[in-house]
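Written below as structure tokens is the structure these notes are about.
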Amino acid sequence: MDIKTNLTQVLKSFKNPECKLIAVSKTKPIEDLREAYAAGIRDFGENKVQEIQAKQPQMPADTRWHMIGHLQSNKVKYIAPFVHLIHGVDSFKLLKEIDKQGKKINRVIPVLLQIHIAEEETKFGFDQTELEEMLISEEFLQLTHVQIKGLMGMATFTENESQIRKEFNGLKQLFESLKSKALPAFVQLEELSMGMSGDYQIAQEEGSTMVRIGSAIFGARNYN
Ligand SMILES: *Cc1c(COP(=O)(O)O)cnc(C)c1O
């Protein structure tokens, strides 16, 4: 099936039509991104700095680039000038580096904090204690060039639907409880990025505002 047909199918199956779609184009050639663009997609997700950097100049200027994977601090500078939203901010160290790079180029960079919700230890993200400690620290209040727009999380890779639902629901609860707290002005919790090809409907039922969908749009990835 072609990309446009896949896109139509995916959008039709949304449990929440208001939910934003990020088309995850990692490993895919630029022709595929252009096809999705022609079908109306403006938000693209990539997880490698080198790849997002290579693709960015080849796409129209109104393309919005989402950095969705684990990001190394030493690579922030390469995407700071153009990235629309960094989803995977999984440590205070990384957040501070984004702030520093934003300062250098006089740009406030929008980010999401990635929360560890899965069972797998291998997945990245803040745990609740880490997050709370950061939010009340002096250093945090001094950030000037990041805007925290919400939270992101990845559920456990499992067939167990109730477990996935439970994990997404936990993230939603955390999102709501943070929203009710007094936080600095650069924290504006609007987006909850959760859900991928295998679990976006569950995520939407649990309150996702942004889904990151790759293979259901572009087909299976080949990593060779
Ligand atoms: C690859 C990736 C996705 C998309 O995965 P699909 O299962 O192909 O939809 C979503 N989020 C992150 C963080 C990813 O790395």
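Brief remarks follow.
- Per-atom-type breakdown for the chain gives carbon and sulfur 49% of the accessible area (1.4 Å probe, protein chains only).
- Rounded to the nearest whole Hz, the Karplus-based 3J(HN,Hα) values (6.51 cos²θ - 1.76 cosθ + 1.60, θ = phi - 60°) of segment 119-125 follow the sequence 6, 5, 5, 5, 6, 8, x, with x at glycine and proline.
- In plain terms, the chain from Met134 to Gln58 could stretch by 23.6 nm, reckoned as 0.36 nm per residue minus the Cα-Cα distance.
- For the chain, the membrane-span-like helices by this rule, meaning whole DSSP H stretches whose C-alpha atoms cover at least 15 Å of axis and whose Kyte-Doolittle mean is -1.0 or above, are 161-179; this says nothing about an actual membrane.
- Relative contact order of segment 116-224, taken over Cα pairs closer than 8 Å and 6 or more residues apart, is 24 percent.
- Within segment 84-200, the proportion of C-alpha pairs whose separation exceeds 19 Å stands at 45%.
- Relative to its Kirkwood radius, the Cα radius of gyration of segment 23-69 gives an Rg/Rh of 0.90.
- Over all other residues within a Cβ to Cβ distance under 13 Å of Gln72, the charged ones net out to +2, with Lys and Arg as +1 and Asp and Glu as -1.
- Between Leu183 and Lys12, the simple spin-label model (points 7 angstrom out along Cα→Cβ) gives 3.8 nm.
- GluC sites (Glu not before Pro) restricted to DSSP loop in segment 36-135 with at most 11 other C-beta within 10 Å: Glu120, Glu121
- 10 Å-binned pair-distance histogram of the chain (Cα, whole percent): 8, 34, 37, 19, 2, 0
- Neighbour net charge for Glu161 - beta-carbon separation under 13 angstrom, K R +1, D E -1: -3
- Stretched out straight at 0.36 nm per residue, the stretch from Glu205 to Lys104 would grow longer than its current Cα-Cα span by 32.3 nm.
- Fully extended contour minus Cα-Cα distance, from Thr156 to Ile30, at 0.36 nm per residue: 42.4 nm
- Area of Asp62 that stays accessible when all protein chains are in place (1.4 Å probe, Å², to 10): 80
- Overall form of segment 134-224 per C-alpha gyration tensor (a/c, 1.5; a/b vs b/c): prolate
- Looking at segment 123-173, the accessible area is 56 square angstrom per residue; that uses a 1.4 Å probe and ignores ligands, DNA and RNA.
- When you restrict to C-alpha pairs under 8 Å that are six or more residues apart and normalise by the size of the chain, the relative contact order lands at 22 percent.
The values are calculated or read from the model by the stated rules, or taken from the named source; none is laboratory data. Given the structure is predicted, the values throughout are model-derived calculations rather than measurements. Cβ sites come from the backbone with ideal geometry, for glycine too, and all protein chains shown count toward neighbours. The accessibility values were calculated without ligands, DNA or RNA, using every heavy atom of the protein model including side chains. Shrake-Rupley method; radii C 1.70, N 1.55, O 1.52, S 1.80 Å.
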